[in-house]
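Peer 1: Just dropping this structure here.
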Amino acid sequence: MPGKAIIVMGSERDLDFSREIAKYLKLLGVSYEFRVASAHKTPEKVLEIIKGFENEKVVYVTVAGRSNALSAFVDGNSSKPVIACPPYSETYSGVDIFSSLRVPSGIGSVVTIEPEGAAIATAKILALEDSAVAESVKNYQASKKKELEKANESVKKLK
């Protein structure tokens with residue numbers, strides 16, 4: 001059974017940001033599902049989501065801004081990997097990232113603020129048991145290296 005990403009959003013306002021993560025997951029050959037639940041407002045729903053994927057190979061990607069309790073809550077209630085990818089907030093000048101970084105002891109969620117990074121981390125975790133995803137990650141990395149080589153050749157011609 002191949003693994004997949006479960007993208008859990010704190011609210012529907014996080015959907016556009018989550019779609020960016022999904023775009024990269026598709027490029028990397030990782031399937032995904034969207035869910036919406038709030039650690040503050042609907043903790044029972046979050047637990048229900050976690051329980052629903054208990055026997056599957058999943059990586060949770062949590063997307064919640066402001067006070068991001070969602071990531072630590074999912075991590076504290078699941079043995080599956082959790083990648084916190086909180087959207088940047090101009091309102092708080094990025095200071096709200098601390099709620100993703102400063103979590104209670106016993107919590108091991110990984111934090112990245114870029115949708116691409118969340119997708120790559122998810123794919124690399126799933127690649128441990130899925131050779132097709134591992135190959136997709138290698139190909140993606142190779143394409144990024146080629147982009148840099150092309151850029152280097154282009155700027156070398158500038159005076």
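Peer 1: Of all residues in segment 29-83, which are over 15 Å from the mean Cα position of the chain (by Cα), among the hydroxyl-bearing types (Ser, Thr, Tyr) and closer than 18 Å to SER99 by Cα?
Peer 2: Answer for segment 29-83, where residues must be over 15 Å from the mean Cα position of the chain (by Cα), among the hydroxyl-bearing types (Ser, Thr, Tyr) and closer than 18 Å to SER99 by Cα: SER38, SER67.
Peer 1: Here are some residues: VAL74, VAL82, VAL61. Which one is farther than 20 Å from GLY106 by Cβ and hydrophobic (A, V, I, L, M, F, W, C)?
Peer 2: When all the criteria are applied, what remains is VAL61.
Peer 1: For LEU128, all conditions in the list (1) modelled with pLDDT of 95 or more; (2) touching a strand residue (DSSP E or B) at 6+ places or on another chain (Cβ under 8 Å) hold save one; what is the number of the exception?
Peer 2: (2)
Peer 1: Looking at (1) under 15 Å from ALA5 (Cα atoms); (2) modelled with pLDDT of 95 or more, which is the only condition SER109 fails?
Peer 2: Evaluating SER109 over (1) under 15 Å from ALA5 (Cα atoms); (2) modelled with pLDDT of 95 or more leaves (2) as the failure.
Peer 1: Still on this structure, I have one more. Go through segment 145-159 and give me each residue that's of a type outside the set (Val, Ile, Thr) and either under 21 Å from ILE83 (Cα atoms) or in a helix (DSSP H, G or I) (or both).
Peer 2: LYS145, LYS146, GLU147, LEU148, GLU149, LYS150, ALA151, ASN152, GLU153, SER154, LYS156
Peer 1: Just a yes or no: is a residue in segment 48-60 farther than 30 Å from TYR140 by Cα and touching a residue at least 40 places away in the same chain (Cβ under 8 Å)?
Peer 2: Yes, some residue in segment 48-60 is farther than 30 Å from TYR140 by Cα and touching a residue at least 40 places away in the same chain (Cβ under 8 Å).
Peer 1: With respect to VAL61, is the statement that it is among the β-branched types (Val, Ile, Thr), touching an Asp or Glu at 6+ places or on another chain (Cβ under 6 Å) and at pLDDT 95 or above true?
Peer 2: Against the criterion (among the β-branched types (Val, Ile, Thr), touching an Asp or Glu at 6+ places or on another chain (Cβ under 6 Å) and at pLDDT 95 or above), VAL61 does not qualify.
Peer 1: In addition: Kindly indicate which of ILE107, ILE120 is among the aliphatic types (A, V, I, L, M) and in contact (Cβ under 8 Å) with a residue 60 or more places away in the chain.
Peer 2: Every option except ILE120 fails the conditions.
Here is a yes/no grid of residues against (1) among the acidic types (Asp, Glu); (2) touching a Phe, Trp or Tyr at 6+ places or on another chain (Cβ under 6 Å); (3) under 23 Å from LYS57 (Cβ atoms); (4) without any contact (Cβ under 8 Å) to a residue 40 or more places away in the chain:
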{"residue": "ILE7", "(1), (2), (3), (4)": "no, yes, yes, no"}
{"residue": "ASP16", "(1), (2), (3), (4)": "yes, no, no, yes"}
{"residue": "VAL30", "(1), (2), (3), (4)": "no, no, yes, no"}
{"residue": "SER38", "(1), (2), (3), (4)": "no, no, no, yes"}
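The values are calculated or read from the model by the stated rules, or taken from the named source; none is laboratory data. Everything quoted here is computed from the prediction, not taken from an experiment. Ideal geometry is used to build each Cβ from the backbone, glycine not excepted, and the neighbour counts take in all protein chains shown.
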